[in-house]
Amino acid sequence: MTPTEPFERARATLLRHRNDLERARAEFRWPVLDQFNWAWDWFSVYAAQTDQTALILVRDTAAGPELIEIGFRELDERSTRIARYLVDHGVVRGERILLMLSNTLPLWETMLAAIKIGAVVIPATTQLTVEDVEDRLVRGQVRHVVTDEPGAGKVRNPERFGVRLCTGTAEGFSRFEEGLSAPARLDKVPTQADDPLLLYFTSGTTAKAKLVLHTHQSYPVGHLSTMFWLGLEPGGIHQNISSPGWAKHAWSSFFAPWNAGATVLVHDAPRFSAQRSLEILHQHRVTSLCAPPTVWRMLVLETMGERPTALRELASAGEPLNPEIIAQVQSAWGLTIRDGYGQTETTALVGNPPGFPITPGSMGKPLPGYEIAIVDRDGREAAEGEVAIRLTPRPVGLMAGYEDDPERTDAAMASGLYRTGDEALRDEAGYIHFVGRGDDVFKSSDYRISPFELESVLIEHDLVAEAAVVPSPDPLRLTVPKAFVVLVPDARPDAETARAILSYCAAKLAPYKRIRRLEFTTLPKTISGKIRRVELRARERDLRASGGRNPGEFWLEDVT
């Protein structure tokens, strides 16, 4: 039996039951693999059988839009040329390559090439600073670098590294195009399914970035669950709005769609434009769209117009999506944004797949291949607690561990569970509702407060574009909820606006959840776009300790 056959059987089960979560969960089994190389054993096999387009790149430049369309067969051949170049220039199995590119064709060519030769890829966003890059180079034990001109300028002493490829021109780097002149012939490099493949630096919303190690099966095969959640099918056109360098890009712009045999569409632009994004959906007949909550919020601020005719599936991931946004899109297009949940450490764990009855505010039920528990601090089953994955049997889509912290790995996977650090509750029907990061949930007058619940109410107000809630120290109640609010364009950050928002929330929330302080500001975010509530908490602690108030800050008792 070839390694492709068990993978294809598992894939076929999920495609056959794409509208039936319960049957998919009952019949799906992770493939048991010994040797496996996704690029050879799946991508090349599929490419040989189809004339389909693998990738559509729409690039908005100063000179106008550029369009690149490339088929599975051509992309397979080009990636083999890059793989051959890497081998001929000294890259060996297991060595680490920093891959820091925007949404350009060499990104996908290099990813496939690295998989083919058994190298380990460290994806990195182009937004990193020089210090960030150096941290990844050193902590990641990088031996080779593939980047663009701006990225090359962030690499100190490039002569430290072996292969140095640049998609432009940079001192100390060879041009990427040289790799495409290599022969499209390469002996297959056998890789074990549990050999290392990807090393991700997490976004660091609460602490220094962790190094998450994935294998030749944990992401390539593990993203069968993501394929199922997104509702992807052969021949579809899937657009994922995500920046390279982060796990979500591999989730939905690489493994999940190509596991399905769908075309990946990527829109690369200097700055996000909601109106331009809507045009892309119409022009390129996108069938499925996945976007983070920030993008969905920006889209509903536009006149969304009629539903793009080919569009049939909508999804959101990265952070929970507020029910109000889901309702607005449903009203405009007659389609429901299906929430899903996972981490850099995993593939999609919980979700609302196609055809699944959705409960508003829920992120769904466990996806095929995962057994999810909600546990208390002692690891006992609870209605509300920490989201955990049962490790018997161990799901394929779980990371190998934290590369630089075996103690953290052991702690996260103790007692037969992988503990995510996220809080949730499971209702009587088995639906799982996100409460918040364990670090974000706080107590006020001995009541547990979920920032996400309060933020969901805030975002319902017409004047609120984004919001983040953190505890504000209080001598009477220990802490009270404080909202940091970003207003929609043209809204005035004054007492009248604060009064309107706080009064609205007071009418919607129980008294103990009432937002008692509000500040109009910008929100600090990681370079992957996630809100850094840890920074807001520290800022608020320091402010209260000083006894002062910030401009643009309003208290409930002052304005009501």
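The values are calculated or read from the model by the stated rules, or taken from the named source; none is laboratory data. Everything numeric in this text was worked out from a predicted model, so none of it was measured. In this analysis, Cβ positions are derived from the backbone assuming ideal geometry, glycine residues included, and neighbour counts consider all displayed protein chains. Protein only, heavy atoms only, side chains kept; ligands, DNA and RNA dropped before computing areas. Shrake-Rupley method; radii C 1.70, N 1.55, O 1.52, S 1.80 Å.
Of the residues Met111, Phe43, Val32, the one whose Cα sits farthest towards the positive end of the charge dipole of the range 10-120 is Val32 (charges of +1 on Lys and Arg Cβ, -1 on Asp and Glu Cβ, taken about the Cα centre).
Please give me the summed charge of the neighbours of Ala411: other residues whose Cβ is under 11 Å from its Cβ, Lys and Arg +1, Asp and Glu -1. Neighbour charge sum, excluding Ala411 itself: -1. Positive contributions from Lys and Arg (+1) and negative ones from Asp and Glu (-1), summed over other residues with Cβ under 9 Å from the Cβ of Lys482, come out at -1. Residues in the range 391-436 average 47 Å² of solvent-accessible surface per residue, probe 1.4 Å, ligands and nucleic acids excluded. For the range 42-121, the relative contact order comes to 28 percent (Cα pairs under 8 Å, sequence separation of at least 6).
Per residue, how much accessible area does the range 301-364 show when a 1.4 Å probe rolls over the protein heavy atoms, in square angstrom?
Values: 2230 Å² over 64 residues.
Computed with neighbouring chains in place, this is 35 Å² per residue.
Using 0.36 nm per residue and subtracting the Cα-Cα separation, the extra length available between Ala507 and Gln192 on full extension is 107.6 nm. For the pair the range 517-560 and the range 189-253, the centres of their Cα atoms are 34 angstrom apart. Read through the labelled values (1) 38, 34, 28; (2) 39, 26, 24; (3) 54, 28, 19 and report the label of the one computed as semi-axes √(5λ) of the Cα gyration tensor in Å from the structure. Comparing each candidate, only (2) matches the computed number. The range 39-66 and the range 411-457 have Cα centres separated by 39 Å. Taking the Kirkwood radius as Rh and the Cα radius of gyration as Rg, the range 317-413 has a ratio of Rg/Rh equal to 1.03. Ranking of Phe434, Phe36 by solvent-accessible surface, largest first: Phe434, Phe36 (1.4 Å probe, protein heavy atoms only, all chains present). Computed in the context of the full set of protein chains, the accessible area of the chain at 1.4 Å probe radius has 48% of its extent on carbon or sulfur. Dividing the mean sequence gap of close Cα pairs (under 8 Å, 6+ apart) by how many residues the chain holds gives a relative contact order of 11 percent.
Net charge in the neighbourhood of Asn240 (other residues with Cβ under 13 Å of its Cβ; Lys, Arg +1, Asp, Glu -1) is -1.
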